[in-house]
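The values are calculated or read from the model by the stated rules, or taken from the named source; none is laboratory data. Predicted model, so just to flag it, every value in this text is computed and none were measured. Cβ placement follows ideal geometry from the backbone for every residue including glycine, while neighbour counts extend to all protein chains displayed. Just so you know, the surface numbers come from the protein's heavy atoms only, side chains and all, with ligands and any DNA or RNA stripped out. Shrake-Rupley method; radii C 1.70, N 1.55, O 1.52, S 1.80 Å.
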Amino acid sequence: MITKGLLIFVLLISILPAQLFAQGQATAEKAERAYQQKDYSTSAQLYIQAIAEGERSASTYYNAACSLALAGKKDEAFLHLQEAVKGGWVNTNHLKQDTDLNSLHSDSRWQPLVENCAAQEKRQKAFWEGAALKTPFRENLSEDEKIAGLSRFWSEVKFNFANFDLVQGLDWDKLYLDYLPRVRQTQSTFEYYRVLMEMCAKLKDGHTNVYAPAELADETYARPAIATRLIEGKIIVRRVMDEKLAQDGIVQGLEITEINGQPAKQYADERVAPFQSASTKQDLEVRAFDYFLFSGSIREPLVLTFADADGKQLKRTLTRLSLKDRAKLIPNAPLTEFKVLPGNIGLLSLNGFDNDQSVKLFEAAYPEIEKTDALIIDIRNNGGGNSGFGYRILSYLTDQPFQTSKWQTRSYRPAYRAWGTPDDWYRSEAGKSNPIGSKLYSKPVVVLTSPRTYSAAEDFAVAFEVMKRGKIIGEATGGSTGQPLFFSLPGGGNARVCTKRDAFPDGREFVGVGVQPDISVLPTLADFRAGRDAVLEAAVLEIKKQLKK
């Protein structure tokens with residue numbers, strides 16, 4: 001029994017630390033700003049103050065050490081580094097390469113610190129990614145392995161998933177119990193992973209996924225040499241990659257009406273959609289009708305019925321290709337492309353933020369971009385990557401610091417739960433990126449988006465909207481971003497779970513919704529068959545209006 005006095009004490013020790021934690025977090029953000037301004041002494045003092053106020057995360061100790069080292073305070077820097085490692089900061093490679101700490105390398109305390117960090121990192125990896133669950137692939141895993149994998153996926157989601165509130169009515173524990181017998185009944189590793197994928201899809205999150213082992217790629221991900229898209233409720237051939245198929249009558253613009261004798265949309269709804277992890281309706285449509293409609297076994301051909309604009313039908317049998325063979329038929333599109341449209345309007349296509357090549361290609365093209373009278377930035381086919389690369393490109397469009405997304409992640413403290421307090425969240429205010437400084441593109445700009453605009457590309461769209469540099473034109477984005485946590489599963493597969501919830505700086509949600517365009521333009525089947533890009537045309541029209549002002 002908890003007495004009244006003890007209850008008050010428990011509430012005080014749970015509420016007061018939370019208040020101090022928030023205060024310390026705010027001070028740590030001030031310390032970061034001082035660091036960015038290269039005022040390292042002030043930054044170090046603020047980090048130390050933040051620690052005193054309760055912001056005692058390992059990263060805060062590490063950042064304090066960096067500022068202290070840059071301020072010439074070696075002894076204090078080492079003390080804070082030791083506390084960082086003790087508190088769980090174990091990125092040894094970063095520690096060794098961080099130029100902020102160069103002044104410490106010649107000190108006799110440096111090498112023992114690095115060795116201690118490496119030892120802690122090894123222990124931590126062994127705890128979170130132990131070898132016991134990394135069993136090799138077999139055609140049919142043991143029942144124990146299957147249950148262990150299901151349990152690991154359930155537990156990682158239970159404690160790390162950031163978006164449970166977006167999945168109304170989901171009882172995660174009950175779902176676990178419901179899927180236990182289904183997992184036991186699977187007769188192969190392939191079936192087992194299909195069941196896990198179906199369970200994962202119940203979370204309705206595009207950054208939470210289960211991936212089959214590489215050995216099952218030809219059973220799971222093989223596809224024919226055509227690509228499709230859902231346009232006005234119809235599944236349309238948008239691309240034919242094999243000239244032999246074109247010669248056989250399969251051309252762009254045909255509608256697919258049946259797949260293996262089943263109405264095509266029904267096939268997608270029953271055979272594809274239930275296994276797709278998607279954050280929004282538009283995200284699910286892209287996955288079910290574009291990316292994964294034909295995914296399946298390389299040993300099983302597809303019988304497709306096509307119809308042209310006049311209703312004339314064509315039936316063909318297509319073979320599925322391995323990922324490697326299909327990739328050979330698709331030319332590698334550069335991450336960044338630039339061309340000049342009539343009227344001296346630049347068209348910059350940013351097709352991904354996978355690596356810094358996107359920024360390098362942009363910077364190489366910038367002398368030509370600078371000569372244009374206006375710029376259209378197309379991120380309709382950008383599936384994301386690293387948000388920082390997108391912010392780097394946006395830094396050319398302003399001479400003022402600009403805000404990026406705010407975010408939050410669950411902050412689970414076992415003692416707080418024992419005290420009966422609700423789940424806590426670590427919240428970070430909107431980040432800030434600085435302008436490039438030396439160069440500024442101040443002319444009219446618009447951005448094009450679609451449901452295939454995803455993850456880091458959505459972060460780009462959010463920052464662009466907040467900058468108020470121009471309008472967003474097209475369709476709502478996919479509505480999914482956040483930091484996924486990857487982990488292994490028995491049999492060589494793996495999974496990930498979304499741990500971070502992003503929002504506009506003012507708190508508006510776009511996860512589970514999508515970044516909404518200022519000017520909505522929905523592609524039509526007539527436009528597609530005529531080769532018209534209605535979204536791009538709307539962008540050109542908007543640019544011309546702005547140029548007339």
Quiz prompt | Selection count where residues are closer than 27 Å to L525 by Cα and either assigned to a strand (DSSP E or B) or touching a residue at least 40 places away in the same chain (Cβ under 8 Å) (or both), scope region 207-244 | solution = 19
Practice problem: Run down D283, D248 and say which single residue is more than 28 Å from the chain's Cα centre (by Cα) and touching a residue at least 24 places away in the same chain (Cβ under 8 Å). | Solution: D248
Practice problem: For E121, state whether it is of a type outside the set (A, V, I, L, M, F, W, C) and touching a Pro at 6+ places or on another chain (Cβ under 7 Å). | Solution: no
Practice problem: Quickly run through region 487-502 and pick out the residues that are open to solvent by less than 10 Å² (accessible area, probe 1.4 Å) and either in contact with a strand residue (DSSP E or B) (Cβ under 9 Å, 6 or more places away or on another chain) or farther than 30 Å from R138 by Cα (or both). | Solution: F487, L489, G493, A495, V497, C498, D502
Exercise. Tell me which residues, restricted to region 135-161, are among the basic types (K, R) and either open to solvent by 20 Å² or more (accessible area, probe 1.4 Å) or at positive phi (or both).
Key: R138, R152, K158
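Conditions tested, residue by residue: (1) outside any helix (DSSP H, G or I); (2) aliphatic (A, V, I, L, M); (3) closer than 22 Å to T220 by Cβ; (4) in contact with a Phe, Trp or Tyr (Cβ under 6 Å, 6 or more places away or on another chain).
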position: D283; (1), (2), (3), (4): no, no, yes, no
position: F289; (1), (2), (3), (4): no, no, yes, no
position: F294; (1), (2), (3), (4): yes, no, yes, no
position: D310; (1), (2), (3), (4): yes, no, no, no
position: K315; (1), (2), (3), (4): yes, no, no, no
Exercise. Tell me which residues, restricted to region 419-449, are more than 20 Å from the chain's Cα centre (by Cα), of a type outside the set (A, V, I, L, M) and surrounded by 18 or more Cβ atoms within 10 Å (Cβ to Cβ).
Key: Y441, K443, P444
Quiz prompt | Residues satisfying the stated conditions in region 455-486, i.e. surrounded by fewer than 24 Cβ atoms within 10 Å (Cβ to Cβ) and out of contact with any strand residue (DSSP E or B) (no Cβ under 8 Å at 6 or more places or on another chain) | solution = K468
Exercise. Scan region 60-70 and give yes if some residue there is open to solvent by 60 Å² or more (accessible area, probe 1.4 Å), farther than 18 Å from S428 by Cα, in contact (Cβ under 8 Å) with a residue 24 or more places away in the chain and not in a loop (DSSP other than H, G, I, E, B), otherwise no.
Key: yes
Quiz prompt | Criterion (over 28 Å from the mean Cα position of the chain (by Cα), surrounded by fewer than 15 Cβ atoms within 10 Å (Cβ to Cβ) and modelled with pLDDT under 95) met by exactly one of K86, K122 | solution = K86
Exercise. For region 104-119, name all the residues that are open to solvent by 50 Å² or more (accessible area, probe 1.4 Å) and not in a loop (DSSP other than H, G, I, E, B).
Key: Q111, P112, E115, N116
Self-check item: Verdict on R452 being surrounded by fewer than 15 Cβ atoms within 10 Å (Cβ to Cβ), at pLDDT 95 or above and closer than 27 Å to S395 by Cβ
Solution: no
Quiz item: Can you tell which of I393, I376 is of a type in the set (A, V, I, L, M), touching a helix residue (DSSP H, G or I) at 6+ places or on another chain (Cβ under 8 Å), at pLDDT 95 or above and assigned to a helix (DSSP H, G or I)?
Solution: I393
Quiz item: Is it the case that F127 is in contact with an Asp or Glu (Cβ under 9 Å, 6 or more places away or on another chain), among the hydrophobic types (A, V, I, L, M, F, W, C) and either closer than 23 Å to D75 by Cβ or assigned to a helix (DSSP H, G or I) (or both)?
Solution: no
Quiz item: In this structure, does V90 turn out to be of a type in the set (V, I, T), part of a helix (DSSP H, G or I) and either without any contact (Cβ under 8 Å) to a residue 12 or more places away in the chain or under 30 Å from S480 (Cβ atoms) (or both)?
Solution: no
Self-check item: Test: K544 is open to solvent by 50 Å² or more (accessible area, probe 1.4 Å) and touching a residue at least 40 places away in the same chain (Cβ under 8 Å)
Solution: yes
